[in-house]
Amino acid sequence: IMATRLKNPKRIIALDVDERLFSFALECGADEVLNAADPQLNDKIRDLTNGLGPSIFIEASGSAVSLKTGVDLLMKGGTMVVYGVYGTETSMNWSIISEFKELKVLGGHLAPNMFTTCIDLLTEGKLSAPRIITHEVPLKDFELGLKMKETVSEPVLKVLLKP
């Protein structure tokens with residue numbers, strides 16, 4: 001969300017099913033945060049986008065449901081950016097993507113050649129790593145850090161491994 005804000009979009013609408021993370025999204029620059037499980041989600045997003053749907057949908061959760069939501073919501077000619085990593089094979093109706101909506105679909109999980117840019121943005125204070133680092137563990141306990149999302153009751157965004 002912070003990096004997206006740097007591109008000066010008209011509006012950033014964040015979606016999540018964990019309402020404990022809504023405040024993080026707002027602090028990082030989202031204008032609106034909606035519950036992705038809300039049965040009225042499509043109507044709410046259409047209201048916020050003058051009936052058109054978003055021009056860009058960034059899927060970063062790895063949820064097949066979220067991927068379908070993005071395709072359903074995107075305006076005709078919109079762009080789907082897929083960062084999510086999916087635990088199982090995911091299928092889509094490509095006729096909607098190609099024929100009916102003429103969407104652009106981009107993959108971007110590893111963002112090749114972006115490390116220098118990210119380091120520069122962090123150094124310049126344009127991105128705030130401390131805001132999204134919610135937990136720190138010693139490097140020797142890296143397995144605990146990998147499992148924190150499943151074992152800790154409070155929200156876990158990023159876990160910093162300290163040498």
**Message:** Anything in the stretch 136-154 that is surrounded by 15 or more Cβ atoms within 10 Å (Cβ to Cβ) and within 17 Å of Ala25 (Cα to Cα)? List them, or say none.
**Reply:** none
**Residues located in the stretch 18-45, provided they are surrounded by fewer than 16 Cβ atoms within 10 Å (Cβ to Cβ) and over 21 Å from Met2 (Cβ atoms)** = Asn35, Ala37, Asp38, Pro39, Gln40, Asn42, Asp43, Lys44
**Request:** Return the residue satisfying two criteria in turn: it lies in the stretch 119-135 and is part of a helix (DSSP H, G or I) and touching a residue at least 40 places away in the same chain (Cβ under 8 Å), and of such residues it is surrounded by the most Cβ atoms within 10 Å (Cβ to Cβ).
**Result:** Leu121
**Filtered residues of the stretch 46-63 (kept if open to solvent by 50 Å² or more (accessible area, probe 1.4 Å) and part of a helix (DSSP H, G or I))** = Arg46, Asp47
**Asked** If the Cβ limit is 9 Å and pairs must be 6+ apart or interchain, which residue in the stretch 142-163 that is at positive phi and without any contact (Cβ under 8 Å) to a residue 12 or more places away in the chain pairs with which residue that is open to solvent by less than 70 Å² (accessible area, probe 1.4 Å) and not in a helix (DSSP H, G or I)?
**Response** none
**Request:** Considering only the stretch 78-90, state which residues are more than 18 Å from Asp16 (Cβ to Cβ), of a type in the set (Gly, Ala, Ser) and in contact with a Ser or Thr (Cβ under 8 Å, 6 or more places away or on another chain).
**Result:** Gly78
**Item:** Any chance Ala14 is in a helix (DSSP H, G or I), surrounded by 18 or more Cβ atoms within 10 Å (Cβ to Cβ) and at pLDDT 90 or above
**Value:** no
**Message:** Of the conditions (1) of a type in the set (S, T, N, Q); (2) in a loop (DSSP other than H, G, I, E, B); (3) touching a residue at least 40 places away in the same chain (Cβ under 8 Å), Ser91 satisfies every one except a single condition; which number is it?
**Reply:** (3)
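The values are calculated or read from the model by the stated rules, or taken from the named source; none is laboratory data. Worth saying up front: this structure is predicted, and the values here are computed from it rather than measured. Because the Cβ atoms are built from the backbone with ideal geometry, glycine has one as well, and the counts that use them run over all protein chains shown. Heavy atoms of the whole protein, side chains included, go into the accessibility calculation; ligands, DNA and RNA do not. Shrake-Rupley method; radii C 1.70, N 1.55, O 1.52, S 1.80 Å.
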